[in-house]
Amino acid sequence: MQIEKYKIDTHNQSLIKEHQRKYEFLSAGVKDSEKILQKLIDFQVAIPSWALGTGGTRFGRFSGGGEPRSLEEKIEDIGLLHALNRSSGAVSLHIPWDRPKDAAAIRTLAAQHGLRFDAMNSNTFQDQPGQKHSYKFGSLQHVRKEVRQQAIEHNIEVIRHGIELGSNALTVWLSDGSCFPGQLNFRKAFQNTLDGLQQIYAALPSDWKIFVEYKAFEPNFYSTTVGDWGQSLLYVSKLGPKAYTLVDLGHHLPNANIEQIVALLLMEGKLGGFHFNDSKYGDDDLTVGSIKPYQLFLIFNELVEGMDARGMDHTKDLGWMIDASHNVKDPLEDLLQSVEAIMLTYAQALIVDRKKLTEAQQSNDTVAAQEALQDSFRTDVRSLVAEARLRAGGALDPLALYRSEKVREHLIKERGAKTVATGL
Ligand code: PSV
Ligand code: MN
């Protein structure tokens, strides 16, 4: 299904007066609003191919209907999101869940929707039908060489798919670890993993990056072989200049100070990208900004400050990806909400009065520092983000248009009520 341009225009016409009133009021108080608008227009977030269907938990899964049955339909869905918000112009693929049969055709289809391919994801956390060796006791860390070799080859295959699609990064998330004390020799597991990553690194084209994603727990519950940002940083430092750490917001122990982690990784030139989501307890994979919006703001505040300090390009020097799962919501509505939350938070970080904040920090004025941050966080920037969307050709209110066009109903009619998308 597609939403034609004239429908977006009609929708915008019906909201334009009210929008202009709000935008004029806001922009009068925002410094450099035109520059900020351009940054918002340029900023794109990659949609994960595994998040277009209903997720689930280990207790069950409740399908919502109309889920994409193929990679082509997934790209169509992401194209739809992008047509509505003009900020979802990239796809992140998981192999083998979404192995392209005809890469050239997939690349063309994506381009028709204005989409490019962001980081490719490998999967050595599940056994696939017909797979020779099991990953039950890990992949790159495994005590047996043939299992490690199989995992290395899989990652190299993922790089090959990525080259065909025009991607330039590989994200490696390993579920490797142990469930019980004594199960694993930590040092050997680390060394095996490093050795495997080195072989994968050697297969990267010269303009590619490898992102090493860390996670504190799950599915292993005693130790994880890439358990935190320190361990990831250790691997990527040993690997070389094309290796970076990837931060998934749900992969920390409770109350971790993620904004500080981000600041230091950026300082070291080793922050590669993000998996955005939100959580209350663990790796809950909830809608971005739904639980801890202030934490997200503090993270973006460090990102903007740190990227500017290093002269980085906000749009392409880091990989911006969503990694979420939807158990009770329509996945497309959830993704629209997540992208909106990211854009709003990015905008709030862009309007922070850096001079005021630096002065407050330099004079140990804690109150003024807090005020500088909260002044931005408490600013309603919705009309700024909407104006960027409008100028980019998107809808003033993507979610409202999605609903009034009855997109899900159309998709159910087209694809059926019982389709199941690939993914977890
Ligand atoms: C693991 O929890 C993870 O965050 C990794 O990024 C995986 O690729 C993704 O989720 C799969 O659901
Ligand atoms: Mn992730």
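Charging the Cβ of each Asp and Glu at -1 and of each Lys and Arg at +1, and nothing else, the dipole of the range 221-290 about its Cα centre rounds to 340 debye. Cross-link partners of residue 31 among aspartates and glutamates, defined as those whose alpha carbon lies under 20 angstrom from its own and excluding same-chain residues fewer than eight positions apart: 42, 302, 305, 308, 353, 359, 371, 375, 380, 387.
Can you list which of the trypsin sites (Lys or Arg not before Pro) found in the range 100-148 are DSSP loop residues with at most 10 other C-beta atoms within 10 Å? Counting only loop positions with at most 10 other Cβ atoms within 10 Å, the trypsin sites (Lys or Arg not before Pro) in the range 100-148 are 101, 132, 136. The stretch between residue 188 and residue 406, if pulled fully straight at 0.36 nm per residue, gains 73.0 nm over its current Cα-Cα span.
In the chain, a dipole from Cβ-located charges (positive for Lys and Arg, negative for Asp and Glu) runs towards its positive end, and of 71, 260, 410 it is 71 whose Cα lies farthest in that direction. Per residue, the chain reaches -15000 deg cm²/dmol at 222 nm when only DSSP H runs of four or more residues are counted, each adding -39500 (n - 2.57).
Among the chymotrypsin sites (Phe, Trp or Tyr not before Pro) in the range 241-300, those located in a DSSP loop and surrounded by at most 16 other Cβ atoms within 10 Å of their own Cβ are 281. Mean separation of Cα pairs under 8 Å and 6 or more residues apart, divided by the residue count, gives the chain a relative contact order of 24 percent. Residues within the reach of a label modelled at residue 70 (point 7 angstrom out along Cα to beta-carbon, backbone nitrogen below 19 Å), restricted to the range 373-412, are 411-412. Each Lys and Arg Cβ is given +1 and each Asp and Glu Cβ -1; about its Cα centre, the range 14-101 then shows a dipole of about 200 debye.
Working from Cα pairs under 8 Å separated by at least six residues, relative contact order for the range 310-424 is 22 percent. Go through 74/418; 242/316; 188/280; 74/132; 188/238; 329/413 and tell me which ones have a Cα-Cα distance over 24 Å in this structure. Over 24 Å Cα-Cα: 188/280; 74/132. Taking GluC sites (Glu not before Pro) across the range 183-276, the ones in a DSSP loop with at most 16 further Cβ atoms lying within 10 angstrom of their Cβ are 268. For the chain, modelled as a GNM whose springs connect Cα atoms under 10 angstrom apart, the maximal fluctuation among 178, 363, 139 occurs at 363.
Normalised by the number of residues in the range 1-153, the average gap of Cα pairs under 8 Å and 6 or more apart makes the relative contact order 19 percent. Could you estimate the translational diffusion coefficient of the chain from the Stokes-Einstein equation, with Rh from the Kirkwood formula over C-alpha pairs, at 10 °C and 1.306 mPa s, in whole µm²/s? Answer from the Stokes-Einstein relation: 71 µm²/s.
State which helices in the chain qualify, where a helix is a whole DSSP H run, it must extend 18 Å or more along its own axis by its Cα atoms, and its mean Kyte-Doolittle hydropathy must be at least -1.0. Can you show the working numbers first?
Values: long enough: 5-28 (30 Å, -1.30); 71-85 (21 Å, 0.07); 145-165 (30 Å, -0.58); 186-202 (24 Å, -0.41); 293-309 (24 Å, 0.51); 331-350 (28 Å, 0.66).
For the chain, where a helix must reach 18 Å along its axis and average at least -1.0, the hits are 71-85, 145-165, 186-202, 293-309, 331-350.
Computed extension length for residue 112-residue 418: 107.4 nm, one decimal, from 0.36 nm per residue of separation with the Cα-Cα distance subtracted.
Extension gain, residue 25 to residue 308: 0.36 nm times the residue separation minus the Cα-Cα distance gives 99.1 nm.
Over the Cα atoms of the range 299-424, the radius of gyration divided by the Kirkwood radius equals 1.09; this is the Rg/Rh ratio. Farthest towards the positive end of the charge dipole of the range 102-184, among the residues 112, 123, 168, is the Cα of 123, using unit charges on the Cβ of Lys, Arg, Asp and Glu. Rounded to the nearest 20, the Cβ-based charge dipole of the chain about its Cα centre (Lys and Arg +1, Asp and Glu -1) stands at 700 debye. Considering only 400, 388, 420, the residue lying farthest towards the positive end of the dipole of the range 287-424 is 420, judged by Cα position with unit charges set on Cβ.
Quick check: Cα centre of the range 244-280 to Cα centre of the range 1-79, how many Å? The range 244-280 and the range 1-79 have Cα centres spaced 24 Å from each other.
For the residues 169, 349, 104, a GNM of the chain with alpha-carbon springs under 10 Å puts the largest fluctuation on 104.
Bear in mind that the values in this text are calculations on the coordinates, not laboratory data. Nothing here was measured: the structure is a model prediction, and the numbers come from that model. Note: ideal-geometry Cβ built from the backbone for every residue, glycine included; neighbour counts use all protein chains shown.
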